[in-house]
1. Can you give me the long-range amide H partners of A:Tyr39? Hydrogens built in the peptide plane at 1.01 Å from N, cutoff under 5 Å, separation of 5 or more residues or another chain.
2. At 0.36 nm per residue, minus the direct Cα-Cα distance, what do B:Ile27 and B:Leu86 gain on full extension? Give it in nm, one decimal, please.
3. Output the peptides B:71-82, A:224-235 sorted from most to least packed, where packing is the average of other Cβ atoms within 10 Å over each peptide's residues.
4. Can you pull the percent of Cα pairs in the stretch A:61-220 with separation above 18 Å?
5. Efficiency by 1/(1 + (r/R0)^6): what FRET value for A:Phe256 and A:Ala194, r their Cβ-Cβ distance, R0 = 56 Å, to the nearest 0.05?
6. As an exercise, find the ratio Rg/Rh for chain A from alpha-carbon atoms, using the Kirkwood inverse-distance average for Rh.
7. Using a Gaussian network model of chain A with C-alpha springs under 10 Å, which one of A:Val170, A:Val215, A:Val116 is most mobile by mean-square fluctuation?
8. Once Rh for the stretch A:173-292 is found with the Kirkwood sum over Cα pairs, what is the Stokes-Einstein diffusion coefficient at 25 °C and 0.890 mPa s, in µm²/s?
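Quick note: the coordinates plus some simple rules give every number you see, no bench work behind them. Quick caveat: nothing in here was measured; it's all calculated off a predicted structure. In this analysis, Cβ positions are derived from the backbone assuming ideal geometry, glycine residues included, and neighbour counts consider all displayed protein chains.
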Amino acid sequence: MIWLGSDRRWWIVFVAPSLTMLLVFTVAPIAAAAVLSFYRWDLLTSPEYVGLGNFIELAGDDGFRAALVHTLTFIAGYVPSVMVIGLVLALLLNRRSRLSGVSRVVFFMPVVAAWVAVALMWKWMLNSRFGVVNWVLSLVGVEGPAWLFERGWAMASVIGVSVWKDAGFVMILFLAGLAAIPAEHREAAFVDGANPWQAFWRVTFPLLTPVVLLVLIILMINSFQVFEQVWILTEGGPLGSTTVVVERIVKNAFSFGRMGYAAAMSWVLFAFIFSVTVLQTRFQKRWVHYGA
Amino acid sequence: MVFPFVWSFSTSLQTTETLLHVPPQLIPKSPSLDAYRELMEVMPFARMVINSTIVTVVVVVLQVVTSALAGYGIARFRFRGRHALLLLYLGTMMVPFQVTIVPLFIGMSRLGWLNTLHALILPMVASAFGVFLFRQYFMQMPRELEEAAALDGAGPWRTFWSVAFPYARPAAATFGILAFMAAWNSFLWPLFVARDESSMTLPVGLASLHGRYQTDWNLVMAGSVIAVVPVIIVFAVIQRHISAGLLLGGVAK
């Protein structure tokens, strides 16, 4: 029901708690970050207005550019892998009418566990001398690399561990999407003589594209903010080959005391996330099918 | 999927002597709780568990309640600026948390709130996503449910608590578990404001444990096990109430 008459005024009671907190702890800081990005400030001396200085410096900052490239590399490896694996898992499990509680917990253990804890577990397993991964490899006569400390392997390891952690999450979203597709559609395809492969690509996948887009948008937004696994697993190394944007923000704000510069970086990160999200919704008409 | 957890648990039962044994043992020959005992000695680990618990419980309860209230307010009242308000929530959802983190950190340090639990809690209370999810849910709630309560003379406040909020239990469970995971596992913000052992939460404590005891993997794994077990238990208990379909709907519209 819609509350009318004297009850109408209650809206403010309902909205106020959340809105107050949002304004004070989210909206105001966003505005402050915008102002801050035009200043140089180490928190000790008074802030100094530098105009676009921070952004100009950022454009020529090799360390930041490298971090941006590493972030994009991570995205390029992680997003397609986790989507494909999540989708395959969902298709395999879709046959069963309902996912049992146990299998839900099994697939969701990596998802619900803290990144820090999970990253430490993998750091130990990927230890070059005493790690279980290299021990298993040694059984088949392969000498495993120092996964997290070799240039060629560090980012690949970060991507692999991230895919392992998030596959269950992607799977559950796809399962929900698959559940919404009426069985008759697939059956009709089989009646027409399609094999399962054709039925998937001609019927299931097109009907699933709205969910695919949604998952893609969520994953892109999250993976631009990749940080914790890198911070623990490789600490940005070896030789800075896995530094990422958020890590640069943390270092500049914290270790170098460059508040304005860090704020400017966070706006660049937002600009990337925003434009990618807009582009994805723009181009959705090309491949997303709405309405079965 | 589960092997890393099993392996870490097994490692946490090793002693420093058997830890680097080759070949590694999945089932420790002489399992010991030494690592857990030592953990309590080298770091105020109990304190961290308590901190994490307090922060998580308070954040989850406040997030669920404020989001449900606001979601209901937007869904069931017609007031000026309703659409603008919805846009404001939607807009903040697009801005990554990293943008707010530097000003928040400065603000907290000016207020002298660094290394306090409320510095960890307050910025997390409002959830745009939660407001959205609950609004969606209340939009499709049959109006007759509340009308019956209103006929009995209940106003909006009582109707919300006696009819609407109980009806939204699936939304509360789904959003609640997400909020719980995010709060319990949160690392970036606590890394900024909770560096002191008195206010440290588990993830930050773990990271610093790893920093100090680089090679004592049994110790580090014992800490990881302690950090991971509560979330898995909570998830296992609550998982049947979680609806991924709801999640999709909440994000999609």
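1. Counting only residues 5 or more places away or on other chains, the set is A:Val50.
2. Result: 15.8 nm gained on full extension.
3. Order by mean packing, descending: A:224-235, B:71-82.
4. 68 percent
5. Efficiency, from the Cβ-Cβ distance: 0.40.
6. Radius of gyration over Kirkwood radius for chain A works out to 1.05.
7. A:Val116
8. Approximately 140 µm²/s, per Stokes-Einstein.
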